[in-house]
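Student: Sharing a structure with you now.
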Amino acid sequence: MALSSSPDELVAQVARRVGTTPLQPWSKRDWLQDGPAVVYDTIGSTETVETSLRLLATGGTLVVSGVEPPKRFEWTPLYFKELRVIGSNGFGIEEVGGVAKHAMEHYFDFVAAGLDLTPVITHRFPLERWDEAVLAVKDSRHTGAVKVLLEPTR
């Protein structure tokens, strides 16, 4: 099941999935007290960070690995729900063949030049079994997962 990219609908969908009732604070933007314990924001935009804070359970953790230019957002849930925000940086500027640029740019160059990525895919799951895919990555020491591919349903 794919979830909505609309922040308000996403909060409602997650509330239904975890069996909780959204609360509506003074801002009129629903949030959850009993949502997920951890949210991974791989985009890092103002909208996704704000939505993540609305989703998290009280005392939860937001891991931000995506990076976009900073802007103001509604951060009231951060202190009312006593949340933790952790940054994660997986890539930086690397030098390859005397050329310094972001590691992902080098990666895309390798792919464009014909690098075959299929050997690193250890597991494939249909999109509707995303939860099993996440668990395979989480328990990679037992599953042997290196790269897990989610495939859309046809």
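Student: Give me the number: length gained by fully extending R124 to V67, i.e. 0.36 nm times residue separation minus the C-alpha to C-alpha distance, one decimal in nm. Present the calculation step by step, with values, prior to reporting the outcome.
Tutor: Working: separation 57, 0.36 × 57 = 20.52 nm, distance 2.75 nm.
Full extension from R124 to V67 adds 17.8 nm.
Student: Let me ask something else about it. Counting helices only, and only those DSSP H runs with n ≥ 4, report the 222 nm mean residue ellipticity of the chain as the sum of -39,500 (n - 2.57) divided by its residues, in deg cm²/dmol to the nearest 500. Could you put the intermediate results ahead of the total?
Tutor: Values: 6 runs with 50 residues, N = 154.
It lands at -9000 deg cm²/dmol.
Student: Could you tell me the calculated FRET efficiency between W75 and Y40, based on Cβ-Cβ distance and R0 = 22 angstrom, to the nearest 0.05? The partial results should precede the final answer.
Tutor: Numbers: r = 18 Å, r/R0 = 0.84.
Taking R0 as 22 Å, the efficiency between W75 and Y40 is 0.75.
Student: Would you mind calculating the gained length between V146 and V18 on full extension (0.36 nm times residue separation, minus the Cα-Cα distance), in nm to one decimal? Intermediate results must be reported in sequence, preceding the final value.
Tutor: Working: separation 128, 0.36 × 128 = 46.08 nm, distance 2.85 nm.
Gain in length upon complete extension: 43.2 nm.
Student: Could you tell me which of the pairs K28/K71; K71/K101; K71/K147 are separated by over 27 angstrom between their Cα atoms in the structure shown? Numbers along the way, then the final one.
Tutor: Values: K28/K71 20 Å; K71/K101 25 Å; K71/K147 33 Å.
In this structure, K71/K147 exceed 27 Å between Cα atoms.
Student: Sort out for me the Cα centre separation of region 70-90 from region 138-154, rounded to whole Å.
Tutor: Here the two parts' Cα centres lie 29 Å apart.
Student: If the label point is 7 Å along Cα→Cβ of A2, which residues in region 123-154 have backbone nitrogen under 20 Å from it?
Tutor: 124-134, 148-154
Student: Run the quick spin-label model on D131 and S27: label points 7 Å from Cα toward the beta carbon, then report their separation in nm to one decimal.
Tutor: 2.8 nm
Student: Next up: What is the calculated FRET efficiency for I93 to D139, with r their C-beta to C-beta distance and R₀ = 30 Å, to the nearest 0.05?
Tutor: On the way: r = 33 Å, r/R0 = 1.09.
Efficiency computed from Cβ-Cβ geometry: 0.40.
Student: Please compute the Cα-Cα pair-distance distribution of region 93-151 with 10 Å bins starting at 0, giving whole percents from short to long.
Tutor: Once binned at 10 Å, the Cα pair distances of region 93-151 give 21, 33, 30, 14, 1.
Student: Pull out the extension gain between V85 and E9, defined as 0.36 nm times the separation in residues minus the alpha carbon to alpha carbon distance; nm, one decimal.
Tutor: Details: separation 76, 0.36 × 76 = 27.36 nm, distance 2.30 nm.
Full-extension gain reported as 25.1 nm.
Student: Calculate how many DSSP beta bridges within the chain are antiparallel, expressed in % of all such bridges and rounded to the nearest 5. Display every interim value, and only then the final one.
Tutor: On the way: 5 of 18 bridges.
Bridges in the chain are about 30 percent antiparallel.
Student: What are the principal axis extents of the Cα atoms in the chain, in Å, biggest first?
Tutor: Between the extreme Cα coordinates on each principal axis of the chain lie 55, 35, 30 Å.
Student: Here's a follow-up. Can you list residues whose amide H is under 5 Å from A57's amide H, if they're 5+ apart or on another chain and H is modeled 1.01 Å from N?
Tutor: Residues meeting the criterion, in which the H sits 1.01 Å from N, are G35, A37.
Each value in this text was obtained by applying a stated rule to the coordinates, not by laboratory testing. These figures come from a predicted structure and were not determined experimentally. Cβ: placed from backbone, ideal geometry, glycine included. Neighbour counts: every protein chain shown.
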